[in-house]
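Please read the structure below before turning to the comments.
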Amino acid sequence: MRYIPNTEEQKKEMLKEIGVSSFDDLIKEGVPQSIRLKGNLNIPEAISETELEEKIYNIAQKNSNFYLMKPLIGAGAYRHYIPEAEKFLLQREEFWTCYTPYQPELSQGTLQSIFEYQSYISRLIKMDAVIPSIYDGASATAEAALMSLRLTHKNKIIVSNLLHPHYRETVKTYLAPHEPEIIELPYKNGLVDIEKLKILIEEDVASVIIQNPNFFGGIEKLAEISEIVHSKGALLIMVIAESISLGILKAPGDIGADIVTGNAQSFGMDLNYGGPYNAYLATKKEYIRQLPGRIIGETTDVDGKRVFVMTLRAREQDIRREKATSNICTNHNLNVIAADIFLSLIGTEGLYQISLLNTKSAHYLENLLLKSKKFEKIFNYPFYNEFLLKSKEDISTINKKLLENNFIPPLKICEFYKEENLKNVLLFAVTEVLSRDNLNKVAKILSE
Amino acid sequence: MKLIFEKSVKGRDGYSLPQDLFDDIKIEECLPEYAISKDKKILSEVSEVDVVRHFTKLSKLNYGLDDGFYPLGSCTMKYNPKINEKLASLNNFTYAHPLAPEETVQGSLEIIYDLNKLLCEITGMDEYTMAPAAGAHGELTGNLIMRKYFVDRGDKRHKMLIPDSAHGTNPASAAMADFQVVEVKSNERGTVDLTELAKLMDEDTVGLMLTNPNTVGLYDEGIKDIEKIVHHKGGLLYYDGANLNASLGIIRPGDAGFDVVHLNLHKTFSTPHGGGGPGAGVIGVKKDLIPYLPTPIVAFDSTNKKYYLLDVGSKSIGMVRAFWANFPVLVKTYVWILSMGPDGLYNASETSIINANYVLAKLKKYYKPAYDRYCGHECTVTGKEYKKYGVKTLDISKRLMDYGMHPPTIYFPHFEPYAEETIMVEPPESESKEMLDKFIEIMIKISNEAKTNPELLTTAPHNTPIRRTNDLVAAKRPILTYDDELKLKDELKYQDKNIDF
Ligand SMILES: Cc1ncc(COP(=O)(O)O)c(C=O)c1O
């Protein structure tokens with residue numbers, strides 16, 4: 001076997017050195033004969049690398065040719081252009097094959113890159129401390145909710161109904177054992193219902209979770225929300241599902257967020273049918289000790305050099321065991337490096353421009369579709385790069401047409417929201433991978 | 001080395017934007033004023049060349065598995081086959097949107113479905129969820145499944161038994177499921193003490209989380225009795241599969257009576273560790289627990305010959321993440337299993353067990369084993385004896401770096417009186433006898449140095465890109481961003497002659 005260097009001869013020699021006559025002899029004490037597997041595992045015999053390649057290529061052919069299919073869907077996963085330099089650099093084995101940087105002397109590459117990423121995110125969202133890697137936006141939001149329970153010693157949270165449905169589900173799953181009261185904050189006209197929030201907010205609320213832009217793409221009135229939330233001493237958890245939006249939108253830290261979680265997939269990560277992505281979780285200095293997960297800090301080595309290490313470790317599972325702030329251990333560090341490279345490449349101007357472009361092209365498409373008279377607005381709300389439109393034609397027919405023309409169709413919002421007025425409504429997303437020609441073509445297909 | 005921010009030059013860029021920026025549309029007409037940031041967010045301004053050099057240089061400060069020996073215990077740092085990477089990065093997979101119509105992702109779904117079947121056979125379980133992103137995520141999922149299972153039965157169990165040798169994620173995960181953690185002491189053989197277990201296991205107890213072989217590298221030979229004790233009181237048995245590399249084709253957790261199993265695909269199944277992830281911590285369960293799995297799972301409609309995402313139903317614990325899985329990790333796992341076959345898998349475990357016992361046999365004269373008995377795929381020795389020379393396990397591990405090797409796991413497991421100053425060596429099947437001999441030779445050399453020149457160890461490493469770090473300062477005065485550093489500029493006086501690039 002090409003991945004196993006030792007020959008049968010060598011193994012025999014080693015068994016002899018160990019002082020046993022056979023492998024069976026070596027394990028008979030630990031694995032009593034009575035529970036050993038009789039016979040072989042019933043799985044296919046090994047195949048060669050060429051056969052393997054052919055087999056997987058053939059399976060991949062059963063997927064659509066996604067490279068050529070431009071998505072009109074986002075809903076928490078966005079296709080953006082990923083510079084080749086990032087993909088190339090990421091493949092360096094020094095980043096790929098090592099593990100958690102427990103030994104800083106041998107891991108400055110990973111450590112410094114994560115530190116840079118923390119610095120980028122901190123500037124984008126204006127928060128003091130950034131946990132660079134929780135698995136994804138949903139689990140990070142759940143961790144943030146748990147953190148808010150610990151910080152406030154209260155057991156009630158209010159969750160925007162326009163938080164990504166998977167995130168909402170995940171929050172419920174993670175919180176279930178603690179039996180908190182979870183109140184869904186309804187929406188009104190495409191944004192959270194602020195009047196309702198005023199009624200729901202009470203002294204016993206630990207936190208309020210708001211996504212911005214929300215699941216419908218809508219831009220929430222955060223300053224107003226923040227004031228209401230804080231008036232009763234609750235914490236504001238802000239969730240970002242599309243991080244590119246930070247290029248143009250106000251920083252959460254500037255509008256009163258106490259904890260911020262963000263899906264960083266748009267920072268240079270492939271769609272990959274849903275993962276691995278990455279999420280950051282950030283907060284203010286005063287709440288640092290309750291953060292879940294790993295964080296990198298700067299210090300010196302014995303020679304006085306600036307170096308980077310894992311720090312504030314006294315919160316973590318390997319030290320605190322059941323008293324840890326979270327169980328997270330392996331996270332998504334490689335995705336963090338990807339995002340650091342991505343943000344370095346696109347830089348200040350690139351992020352701003354892409355964010356601007358995504359907003360503009362989404363509005364361009366909305367405009368075209370409205371002009372076609374085949375669609376109508378159901379809500380009148382400001383949006384970033386995703387928007388809802390009600391179709392006059394059956395949306396399944398529309399989506400089929402789009403698919404035939406190599407577009408991944410928009411989300412049928414009824415898959416997640418059962419309201420009567422959301423029947424036959426589509427959630428469109430637009431990013432820079434859709435050119436004006438593409439958008440014109442979409443409009444043309446849909447007006448025929 | 002300089003940070004990317006210190007290489008920034010105003011006006012430089014490293015990205016090409018589309019030509020058409022939709023300038024005909026005014027941003028003020030799209031977004032309300034309250035939403036737009038007044039100032040541009042400052043990242044950095046560097047060219048593509050700068051970025052490529054920066055990260056290439058950074059990478060060279062790392063030590064990876066392809067660089068050499070990496071015997072990190074409990075982490076299974078085995079070779080990551082290159083074909084896996086290629087096949088996981090086919091465009092049809094990587095560009096697939098998670099909410100694309102099912103008919104467009106039949107290939108991806110087929111892989112998930114098939115892999116589920118293979119993992120069931122390898123571990124003797126009935127069904128897997130691919131959702132968990134890492135081992136700890138799987139542990140949480142598993143704990144939530146067990147919790148819901150008992151809640152549905154009106155059974156108010158609230159304690160979870162966990163051996164003192166268990167990984168920190170085990171108690172942390174149980175605590176997240178709001179279970180009270182009860183520690184089970186190891187016996188003088190390093191395994192679960194059956195009398196103690198029998199005493200602790202009662203009808204308020206959910207069950208036992210067990211790693212087998214455990215983190216000392218020892219199989220629980222009493223597994224049959226353990227199973228009886230736990231099941232007899234109506235409890236469930238949880239298997240932490242981080243150490244499955246000692247079991248492939250030898251013993252299946254399902255056959256041994258485990259009800260819930262998590263596998264670390266980034267360990268046993270050869271997928272790379274990425275500097276700390278991403279991995280996958282898939283969970284397998286027995287029949288009775290299938291209704292509790294996170295939703296959805298992939299199913300096959302045999303009439304229409306189509307794969308689809310199936311809602312698990314009302315008993316499901318719900319979702320534990322957005323979307324479905326860390327998909328490329330699954331592809332790599334699938335490819336690896338197919339390239340190994342049943343004989344290859346057995347060979348992997350057999351070889352890794354022989355490797356670990358060989359290292360143990362050769363080292364035990366110099367480093368006292370935590371327990372003097374044969375081990376599984378990893379062995380735990382201690383550096384206790386060198387304390388009298390003023391040398392700690394930490395120093396031994398740092399000295400190893402000078403000889404071009406990555407240190408083993410140190411100070412874990414930790415429990416008294418056996419497992420102190422531990423050095424846990426896991427030499428997986430991809431390490432040759434020659435490599436092990438080299439490691440053994442170096443370890444012996446270091447043991448001599450400890451006696452004759454302890455300072456060489458206490459000041460090690462000497463030839464690494466940086467030297468020992470001041471971790472206390474890092475925690476006491478956290479500098480967590482470049483802006484934090486800028487605020488302290490006058491206080492910090494770095495001595496780095498190499499800071500130019
Ligand atoms: C025995 C054991 N259990 C659980 C884990 C947790 O797995 P992960 O790091 O993937 O969350 C690890 C490794 O980190 C481990 O060694």
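Among the residues of region B:229-266, write down those that are facing another protein chain (nearest Cβ under 10 Å) and either part of a strand (DSSP E or B) or more than 16 Å from the ligand (Cβ to nearest atom) (or both).
B:248, B:249, B:250, B:251, B:252, B:255, B:256, B:257
What is the one condition in (1) farther than 26 Å from residue B:429 by Cβ; (2) touching a helix residue (DSSP H, G or I) at 6+ places or on another chain (Cβ under 6 Å) that residue B:252 does not satisfy?
Result: residue B:252 passes all but (1).
Among the listed residues B:78, B:86, identify the single one that is modelled with pLDDT of 95 or more and open to solvent by 60 Å² or more (accessible area, probe 1.4 Å). If you could, list the steps in order and put the result at the bottom.
Details: B:78 fails: open to solvent by 60 Å² or more (accessible area, probe 1.4 Å).
Being modelled with pLDDT of 95 or more and open to solvent by 60 Å² or more (accessible area, probe 1.4 Å) holds for just one of B:78, B:86, which is B:86.
May I ask you to list the residues in region A:404-442 that are open to solvent by 10 Å² or more (accessible area, probe 1.4 Å), assigned to a helix (DSSP H, G or I) and touching a residue at least 24 places away in the same chain (Cβ under 8 Å)?
A:421, A:436, A:438, A:440, A:441
State all residues of region A:87-114 that are β-branched (Val, Ile, Thr), within 21 Å of residue B:73 (Cβ to Cβ) and in a helix (DSSP H, G or I); if no residue qualifies, say none. I'd like the intermediate steps shown before the answer.
So in region A:87-114, the residues β-branched (Val, Ile, Thr) come out as A:97, A:100, A:110, A:114.
The next check asks that each one be within 21 Å of residue B:73 (Cβ to Cβ); those that pass are A:97, A:100, A:110.
Across region A:87-114, the qualifying residue is only A:110.
State the number of residues belonging to region A:49-65 that are part of a loop (DSSP other than H, G, I, E, B) and more than 7 Å from every other protein chain (Cβ to nearest Cβ).
From region A:49-65, those part of a loop (DSSP other than H, G, I, E, B) are A:62, A:64-65; that's our starting set.
Adding the requirement that they be more than 7 Å from every other protein chain (Cβ to nearest Cβ) leaves none.
Looking only at that region, the number is 0.
Could you check region A:318-345 and list, in sequence order, the residues that are of a type in the set (Gly, Ala, Ser), open to solvent by less than 10 Å² (accessible area, probe 1.4 Å) and within 16 Å of the ligand (Cβ to nearest atom)? Working first, answer last.
Going through region A:318-345, the residues of a type in the set (Gly, Ala, Ser) turn out to be A:324, A:326, A:338-339, A:344.
Still in the running and open to solvent by less than 10 Å² (accessible area, probe 1.4 Å): A:326, A:338-339, A:344.
Matches in region A:318-345: A:326 only.
Collect the residues in region B:460-486 that are surrounded by 19 or more Cβ atoms within 10 Å (Cβ to Cβ), of a type in the set (A, V, I, L, M, F, W, C) and more than 7 Å from chain A (Cβ to nearest Cβ), keeping them in residue-number order.
Passing the criteria: only B:460.
Within region A:34-48, is there a residue that is open to solvent by less than 10 Å² (accessible area, probe 1.4 Å) and outside any loop (DSSP other than H, G, I, E, B)?
No.
Across region B:132-179, what is the number of residues that are assigned to a loop (DSSP other than H, G, I, E, B) and either open to solvent by 10 Å² or more (accessible area, probe 1.4 Å) or away from chain A (no Cβ under 11 Å) (or both)? First the steps, then the outcome.
Initial filter on region B:132-179 (assigned to a loop (DSSP other than H, G, I, E, B)): B:132-134, B:153-158, B:164-168, B:177-179.
When the remaining residues are screened for being either open to solvent by 10 Å² or more (accessible area, probe 1.4 Å) or away from chain A (no Cβ under 11 Å) (or both), the result is B:153-158, B:164-165, B:167, B:178-179.
Matching residues across region B:132-179 total 11.
Here is a list of conditions, (1) facing chain B (nearest Cβ under 7 Å); (2) within 20 Å of residue A:275 (Cα to Cα); (3) among the β-branched types (Val, Ile, Thr), and residue A:110 meets all of them except one; can you say which number that is?
The failed condition is (2).
Here are B:298, B:312: which of them is in a strand (DSSP E or B), among the β-branched types (Val, Ile, Thr), more than 7 Å from chain A (Cβ to nearest Cβ) and more than 16 Å from the ligand (Cβ to nearest atom)? Let's see the steps before the verdict.
Working: B:312 fails: in a strand (DSSP E or B).
Answer to the selection: B:298.
Just for region B:267-283: of the residues that are more than 7 Å from chain A (Cβ to nearest Cβ) and near the ligand (Cβ under 8 Å from one of its atoms), which one is nearest to residue A:92 (Cα to Cα)?
The initial filter retains those residues of region B:267-283 that are more than 7 Å from chain A (Cβ to nearest Cβ), namely B:267-271, B:280-283.
Cutting the leftovers down to near the ligand (Cβ under 8 Å from one of its atoms) gives us B:267, B:281.
Details: B:267: 19, B:281: 24 Å.
Here the answer is B:267.
I need the strands (runs of 3 or more DSSP E) fully contained in region A:147-237, keeping only those with at least 3 residues that are more than 28 Å from residue B:37 (Cα to Cα). It would help to see each step written out before you state the result.
Numbers: elements: A:156-160, A:181-185, A:207-211.
Once the strands (runs of 3 or more DSSP E) in region A:147-237 are filtered for at least 3 residues that are more than 28 Å from residue B:37 (Cα to Cα), what remains is A:181-185.
Filter region A:71-92 down to the residues that are surrounded by fewer than 23 Cβ atoms within 10 Å (Cβ to Cβ) and charged (D, E, K, R), then identify the one that is nearest to residue B:81 (Cα to Cα).
In this case the residue turns out to be A:92.
The values are calculated or read from the model by the stated rules, or taken from the named source; none is laboratory data. These numbers come from a predicted model, not from an experiment. Virtual Cβ from ideal backbone geometry, glycine too; neighbours counted across all protein chains shown. Heads up: the accessible areas ignore ligands, DNA and RNA and are worked out on the full protein's heavy atoms, side chains in. Shrake-Rupley method; radii C 1.70, N 1.55, O 1.52, S 1.80 Å.
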